[in-house]
Amino acid sequence: MHNRYSKLLIPLLAGAGLAHAQSRASDLAPILARPLETPDVVVYQMSQYLYQRIPKLPAPASAAQWTSETERLRKHLVDEVLFHGWPREWVDAAPKFEDLGVIETGHGYRMRKLRYEVVPGFQSTAILYEPENLSGKVPAVLNVNGHEYAAGKAAEYKQKRCINEARHGMLALSVEWIGCGELNVPENQHQFGGYLDLVGSNVAGLFYLEMRRGLDYLDRHPNADRSRLAVTGLSGGGWQTIVLSGLDPRVYVSIPVAGYSAIQAKLEHADDLGDNEQAPADFLNGFDYSVLTAMRAPRPTLLIHNAEDDCCFRAPLVKPYNYDQIKPFFRLFGKEDVFQWHENMDPSTHNYNLDNRLAAYRFLSKYFGLAPIEQEIPVDADVKSREELEVGLPKDNLTLAGIARRFADGIHHDAPPADAAAQARWMAAARDRLKAVIRYQPVAVEHAWALANTKSKGVETFSWQFHFDNRLTAAGVWAHSIAAGEGSPVTVVLNDQGKKAAAPQVAEAVNRGRQTVALDLIFHGDAALPARHSGLYPLLIASMGQRALGLEAAQLIAVARWMRERGAGSPVRLESAGKRSQVAALVAAALEPDLFSAVSIRDGMRSLRYLLDGPVRSQDAPELYCLDLYKEFDIDTLAAMAGGGKVTASYLETAARP
């Protein structure tokens, strides 16, 4: 009886063993979902990585040396960085302002409504506050906006400041800001600036042009004393102030209020990282905002910050970098007294309220040679509504996204030539160009930390944290059928939702006898940043001269090489799900086509134009908004570089726009 049952059980057990050797997505899902690193760890690693790349503050030996270096920096930052990709005829165009009427107040000043062209098809608005009895040459102040999305130039504190400036004998130009006031439309939100980068025009160039047009207007005003021009503003207006007044020598007096910090302070306080235009590509490559402050020497400069700012750039936290270490630059010129600091403690929050305005009035009156201004003229009754200050814009006025789409309409990508020799040359040149666009720097897997393992039902897994020689990490889970052996072919799986969403792909690959790694590259899955900072660190990386997409491609290539050694040297198959993973996979395969045997794309894009037409928010796919990427390459170009026959794809539905 025993033998009979034994004979019956043998085939049943054999069948059970085969069944258990099959990988099931439901078994793999909890393994893949187990976190291998936390967002805080990723932030720490990223901060340390960027900290090592903070440029040292210059140490000029003389005023003449610093003046010469300042001129060189200005030319480089304006011509090569900010205006990268912008048509020179737009950049060099004379200001075009329309005067749309005067509002007489009878209170010692009048207001003039202005509309002006920033670039063809995109206009902005402004209000000029003039002394009522304007004659001769008078000082002029450019008052720039911060992130006053609804109120814009109608913000109460800004109106009070401009009215007081005019009543004390100054011209006060109050300009609108992109995304605010009359320009507060959805596709002017600042994250859409990433669209401009994608098509090859540095986003900060448009922001710089908008504020510079205001300075151009004052510089040409028949009553403006060109030797007494000033700029001031709060928050984003503080950023505009230091950028314009640091880079344009026409600005004599500068008063930025709570608007910027040095890289060191940004890393210490991640909420200070800023928007697309505040960390534009390559602006902080070997450069820092503290240097921008030093470039003000020897012109009068008052830095205003708030002691307990509830937004950003708290006074005690930025003072060591913005002010203390910059004083020696002014000392070189014997002008240390013109560089001043004001710390607001009433109300001490993010503000340009009375205490800060009084500090600004005193500074302006002193360095403009006016009678001292110690009190603000009460003007509560003069404050007007947004509707009363509305100038009006064309209904078809372009937006950040609209300008980018217009540039995209003119982009054309050449296909590889058919001739084999010509094609080889084309491919080599294209790879060099791609490396330059994504700032590719190879890395190697220094060590794979084994954090966990499983071995059951015929399948073995290891959970790894990949440490690279640049001190950044990625996370991954390796799985293979025990029966297949460790020398079996390799598949690397990427998923926009992280490895936790990749169980079906991994199970399928393992069941085909392949050892498989579900990989979370930096900025993805377990290697992602906290949600509130997910789009900000990639901006800072780009501003400091690297690219998030380049970091991802380098990690993917390094892991593929490392895994190839475990797969007896055979090429690696790449599988991706989602548009972010698609681009990382195609870029890696385009750079190293011999490393990969095949690239399988699921839910991909037919073209990078999809990002513009969707539209897709830049903070949701930050690495894709890489300066010049779409200008130089598209999906089909990258696929051809990877070895067109290797790439198979399924695509997302066509974007909403044609």
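The values are calculated or read from the model by the stated rules, or taken from the named source; none is laboratory data. Keep in mind that this is a model prediction, so the values were computed, not measured. We place every Cβ from the backbone using ideal geometry, glycine too, and count neighbours over all the protein chains shown. When the accessible area is computed, the model is the full protein with side chains, heavy atoms only, and any ligands, DNA or RNA have been set aside. Shrake-Rupley method; radii C 1.70, N 1.55, O 1.52, S 1.80 Å.
How much length, in nm to one decimal, is gained on full extension between Asp92 and Arg386, taken as 0.36 nm per residue of separation minus their Cα-Cα distance?
Between Asp92 and Arg386, full extension yields 102.6 nm more.
For Lys455, go through the lysines and keep the ones whose alpha-carbon is under 27 Å away, minus same-chain ones fewer than eight residues off.
Candidates past the 8-residue exclusion: Lys499, Lys500.
Rank-order 599-612, 366-379 by packing density, defined as the average count of other C-beta atoms within 10 Å over each peptide's residues, highest first.
Output ranking for 599-612, 366-379: 599-612, 366-379.
Of Leu57, Val138, Gly106, which is farthest along the charge dipole of segment 49-191 in the positive direction, counting Lys and Arg as +1 and Asp and Glu as -1 at C-beta?
The residue sitting farthest along the positive end of the dipole is Leu57.
If we count every other residue with Cβ under 9 angstrom of Ala542's Cβ, Lys/Arg +1 and Asp/Glu -1, where does the sum land?
On the way: positive: Arg439, Arg547; negative: Asp197, Asp282.
Net of charged neighbours comes to 0.
Thinking of segment 419-458 as a set of Cα atoms, what percent of all their pairs are more than 14 Å apart? Walk me through the intermediate numbers first.
Working: 549 of 780 pairs.
Here the tail beyond 14 Å accounts for 70 percent of pairs.
Once every DSSP H run of n ≥ 4 in the chain is given -39500 (n - 2.57) and the sum is divided by its residues, what mean residue ellipticity at 222 nm do you get, rounded to the nearest 500 deg cm²/dmol?
My calculation for the chain gives -11000 deg cm²/dmol from helical runs alone.
With a/c under 1.5 counting as rounded, go ahead and sort segment 34-164 into rounded, prolate or oblate using the C-alpha gyration tensor (a ≥ b ≥ c being the square roots of the eigenvalues; past the cut-off, prolate if a/b is larger than b/c, else oblate).
prolate
Leaving ligands, DNA and RNA out of it, report the carbon-plus-sulfur percent of the accessible area of segment 46-120 at a 1.4 Å probe.
Values: 1970 of 3920 Å².
Taking all protein chains in place, segment 46-120 shows 50 percent carbon and sulfur surface.
Whenever you get a sec, compute what percent of the accessible area on segment 415-461 sits on carbon and sulfur atoms (1.4 Å probe). Could the numbers behind the result be given before it?
Numbers: 1550 of 2790 Å².
Result for segment 415-461: 56 percent of the exposed heavy-atom area is carbon or sulfur.
For Lys153, give me every one of the lysines with a C-alpha distance below 20 angstrom, ignoring sequence neighbours fewer than eight places off in its own chain.
Qualifying lysines at Cα under 20 Å: Lys96, Lys113, Lys384, Lys395.
Just how much of Tyr208 is accessible, in Å², when a 1.4 Å probe is used and the result is rounded to the nearest 10?
Number for this one is 10 Å².
Name the lysines eligible as straight-distance cross-link partners of Lys266: C-alpha to C-alpha under 18 Å, and not fewer than 8 places from it in the same chain.
Lys266 reaches Lys56, Lys319.
Going by amide H atoms built from the backbone, whose H comes under 5 Å of the H on Phe339, apart from near neighbours?
Here Thr301 satisfy the definition.
Sorted from largest to smallest, which semi-axis lengths in Å does the alpha carbon gyration tensor of segment 517-658 give for its equivalent ellipsoid, taking the root of 5 times each eigenvalue? Numbers along the way, then the final one.
On the way: eigenvalues 111, 74, 36 Å².
That gives 24, 19, 13 Å for the three semi-axes.
When a/c reaches 1.5 or more, the comparison of a/b and b/c decides; with that in mind, is segment 528-570 rounded, prolate or oblate per its Cα gyration tensor? The partial results should precede the final answer.
Details: a/c = 6.33, a/b = 2.42, b/c = 2.62.
Oblate shape, in that a/c is at least 1.5 and b/c is the bigger or equal ratio.
With point charges of +1 on the Cβ of Lys and Arg and -1 on the Cβ of Asp and Glu, referenced to the Cα centre of the chain, which listed residue (Val199, Pro347, Thr70) lies farthest in the positive direction of the dipole?
About the Cα centre, the residue reaching furthest to the positive side is Val199.
At what distance in angstrom do the alpha carbon centres of segment 218-248 and segment 402-459 lie from each other?
When both Cα centres are located, 43 Å separates them.
Dipole of segment 580-620 (Lys/Arg Cβ +1, Asp/Glu Cβ -1, origin at the Cα centre): which of Gln582, Leu611, Ala598 lies farthest to the positive side?
Of the candidates, Leu611 comes out farthest on the positive side.
Based on the mean of other Cβ atoms within 10 Å per residue, sort peptides 225-235, 100-110 so the most packed one is first. Walk me through the numbers on the way to the answer.
Details: 225-235: 23.5, 100-110: 13.9.
With the highest mean Cβ count within 10 Å placed first, the list reads 225-235, 100-110.
Provide, for q = 0.09, 0.10 Å⁻¹, the log10 of I(q)/I(0) from a solvent-free Debye sum over equal Cα point scatterers in the chain.
Result of the Debye calculation: -0.79, -0.93.
Which value, in Å², gives the accessible area per residue of the chain when a 1.4 Å probe is used on the protein heavy atoms?
On the way: 25160 Å² over 658 residues.
Value for the chain: 38 Å² per residue.
Could you please report the charge total around Thr454, scoring K, R as +1 and D, E as -1 over all other residues with beta-carbon less than 15 angstrom from its beta-carbon? Write out the running numbers ahead of the final one.
Working: positive: Arg24, Arg34, Lys455, Lys457, Lys499; negative: Asp27, Glu460.
With Lys, Arg at +1 and Asp, Glu at -1, the neighbours total +3.
Would you please classify the overall shape of segment 228-387 from the alpha carbon gyration tensor, given that a ≥ b ≥ c denote the square roots of the eigenvalues, rounded means a/c under 1.5, and beyond that prolate means a/b larger than b/c while oblate covers the rest?
Oblate, because a/c is 1.5 or more while a/b does not exceed b/c.
Roughly how many debye, to the nearest 20, is the charge dipole of the chain about its Cα centre, given +1 on each Lys and Arg Cβ, -1 on each Asp and Glu Cβ, and no other charges? Numbers along the way, then the final one.
On the way: 70 positive and 77 negative charges, 310 e Å.
Charge dipole of the chain: 1480 debye, to the nearest 20.
Under a Cβ-Cβ cut-off of 14 Å, what is the net charge of the residues other than Pro530 that fall near it, where Lys and Arg count +1 and Asp and Glu count -1? Could the numbers behind the result be given before it?
Working: positive: Arg532; negative: Glu37, Asp40, Asp271, Asp526.
Net charge around Pro530: -3.
Within segment 546-654, what whole-number % of the accessible surface is contributed by carbon and sulfur, with the 1.4 Å probe and all protein chains included in the calculation?
43 percent
What residues qualify as long-range amide H neighbours of Val118, i.e. H under 5 Å apart, gap of 5 or more or another chain, H built at 1.01 Å from N?
Here the answer is Gln123, Ser124, since their amide H atoms fall under 5 Å of that of Val118.
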